[in-house]
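The values are calculated or read from the model by the stated rules, or taken from the named source; none is laboratory data. Since the structure is predicted, the reported quantities are computational estimates derived from the model, not experimental observations. As a convention, Cβ positions derive from the backbone with ideal geometry for all residues, glycine included, and neighbour counts pool all protein chains shown. Note: accessible area is taken over every heavy atom of the protein model, side chains too, but ligands, DNA and RNA are not part of it. Shrake-Rupley method; radii C 1.70, N 1.55, O 1.52, S 1.80 Å.
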Amino acid sequence: QVQVAESGGGLVQAGGSLRLSCVVSGRTFGSGAVAWFRQAAGKEREFVLGISWSGGSPYYADSVKGRFTISRDNPKNTVYLQMNSLKTEDTAVYYCAASRTKLGALPRWYEYWGQGTQVTVSS
């Protein structure tokens, strides 16, 4: 059974950095992708960035380009989200999600989700 678990959230000042980790355990599919979404209070869940397990360039939302990066460690089934130059508007619950088939921005393409980790950026 596939399970997704995030870690690394917390409180950081604006301009600071934070790194989130996501472990996708029980993964038996070699294809597909893993992505980060976020949901701020009172707003819909939005795509942040993602990467395919098999390679290729990451896919970023415009709002985080140049500030956030994603990397993966396939043997460890782990994906990292490095967040730099954080802004107060980055405050949200961040979710890691895994897809068996493809990388994209729509939440419905992802079958497996973590519980989320809170990121709070103070001014």
> Using 7 Å Cα-to-Cβ label points, what is the residue 106/residue 76 separation (nm, one decimal)?
Replying inline: 3.3
> Which distance in nm do the two modelled labels at residue 28 and residue 65 give, with both placed 7 Å along the Cα-to-Cβ direction?
Replying inline: 3.9
> Top mean-square fluctuation among 33, 105, 14, Gaussian network model of the chain, C-alpha springs under 10 Å?
Replying inline: 14
> Cα centroid distance between segment 92-112 and segment 1-77, in Å?
Replying inline: 9
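Report the trypsin sites (Lys or Arg not before Pro) located in segment 44-80 that are in a DSSP loop and have at most 16 other Cβ atoms inside 10 Å of their Cβ, or state none.
45, 65, 67
In the chain, what percent of the accessible surface is made up of carbon and sulfur (1.4 Å probe, ligands and nucleic acids excluded)?
Numbers: 2860 of 6200 Å².
Carbon and sulfur atoms account for 46 percent of the accessible area of the chain.
If you add up the charges near residue 98, with Lys and Arg at +1 and Asp and Glu at -1, over every other residue whose beta carbon is less than 10 angstrom from its beta carbon, what do you get?
On the way: positive: 27, 100; negative: 111.
Here the charged neighbours net out to +1.
Please compute the per residue accessible area over the chain with all protein chains in place, 1.4 Å probe, rounded to a whole number of Å².
On the way: 6200 Å² over 123 residues.
Here the per-residue accessible area is 50 Å².
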> Assigning unit charges at the beta carbon (Lys, Arg +1; Asp, Glu -1) and nothing else, what dipole magnitude in debye, to the nearest 20, does the chain show about its Cα centre?
Replying inline: 200
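Using the beta-carbon distance between residue 2 and residue 41 and R0 = 41 Å, what value does 1/(1 + (r/R0)^6) give for FRET efficiency, to the nearest 0.05?
Numbers: r = 28 Å, r/R0 = 0.69.
My answer for the efficiency is 0.90.
Work out, step by step, the length gained on full extension between residue 123 and residue 21: first 0.36 nm times the residue separation, then minus their alpha carbon distance; give nm to one decimal. Write down the numbers at each step before the final one.
On the way: separation 102, 0.36 × 102 = 36.72 nm, distance 2.41 nm.
Full extension of this stretch gives 34.3 nm more.
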